[in-house]
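First comes the structure, then the notes that go with it.
The values are calculated or read from the model by the stated rules, or taken from the named source; none is laboratory data. Here the structure is a predicted model, which means the values were calculated and not measured. All Cβ positions, even for glycine, are placed from backbone atoms using ideal geometry, and neighbour counts span all protein chains on display.
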Amino acid sequence: MPGTVHTDLLANKLIPDPYFRDNESKLQWIDKADWEYKTVFNVDDQTFIKKNIELVFDGLDTYADVFLNGKLILQGENMFRGYTIDVKPIIKKTNNVLLIRFASAQNKVDSIAKSKLPLILPDNNRVYVRKAQFQFGWDWGPKFVGCGIWKKVY
């Protein structure tokens, strides 16, 4: 971390190099899937006794439901903003479970476009999402509509 689902899959050798030959077309399934990131962490005594404890998310790409110890603490829909959440009421000293569920941005924008327009505009559904537009493919780059924790969480 930080990274994206594509870089994480590549780093773990679960997909081939997306930029090699025709791998771009073979990896479009990634855009249609929902993804989860999960970690377990402890809080030191000095932090735990503070009046306020905040979790800061500098960059979540894009449709992210964030859970701490089973409680929904954030629903993000904009990759360009950060979020600061007071978690003092639900944080524990040990075994805190942070789960981030990313919904497919491609599926979301397709659904939004279908509900708002009488027709589908080819390759223009991306206007409905606060996300890096290049991920939807341009003449100079491939189409990899990703998701992930693209900036720090602390």
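Just the residues that are in a strand (DSSP E or B) and touching a residue at least 60 places away in the same chain (Cβ under 8 Å), please, taken from the range 118-154.
Answer for the range 118-154, where residues must be in a strand (DSSP E or B) and touching a residue at least 60 places away in the same chain (Cβ under 8 Å): 130, 148, 149, 153.
Before we move on, is residue 38 touching a strand residue (DSSP E or B) at 6+ places or on another chain (Cβ under 6 Å), of a type in the set (D, E, K, R), within 23 Å of residue 151 (Cβ to Cβ) and exposed (fewer than 14 other Cβ atoms within 10 Å of the Cβ)?
Criteria met by residue 38.
Tally time: how many residues in the range 60-81 are farther than 22 Å from residue 112 by Cβ and either exposed (fewer than 14 other Cβ atoms within 10 Å of the Cβ) or touching a Pro at 6+ places or on another chain (Cβ under 7 Å) (or both)?
Result for the range 60-81: 2.
Looking only at the range 102-154, filter to residues that are surrounded by fewer than 17 Cβ atoms within 10 Å (Cβ to Cβ), more than 13 Å from the chain's Cα centre (by Cα) and within 24 Å of residue 38 (Cα to Cα); which one of those is modelled with the lowest pLDDT?
Across the range 102-154, the extreme among qualifying residues is 107.
Output the number of the condition that residue 14 fails; it satisfies all remaining conditions of (1) out of contact with any helix residue (DSSP H, G or I) (no Cβ under 6 Å at 6 or more places or on another chain); (2) aliphatic (A, V, I, L, M); (3) surrounded by 11 or more Cβ atoms within 10 Å (Cβ to Cβ).
Among (1) out of contact with any helix residue (DSSP H, G or I) (no Cβ under 6 Å at 6 or more places or on another chain); (2) aliphatic (A, V, I, L, M); (3) surrounded by 11 or more Cβ atoms within 10 Å (Cβ to Cβ), residue 14 violates only (3).
Tell me, please, whether a residue that is of a type in the set (A, V, I, L, M, F, W, C), under 21 Å from residue 108 (Cα atoms) and touching a Leu at 6+ places or on another chain (Cβ under 9 Å) can be found in the range 13-27.
Yes; the residues of the range 13-27 include at least one that is of a type in the set (A, V, I, L, M, F, W, C), under 21 Å from residue 108 (Cα atoms) and touching a Leu at 6+ places or on another chain (Cβ under 9 Å).
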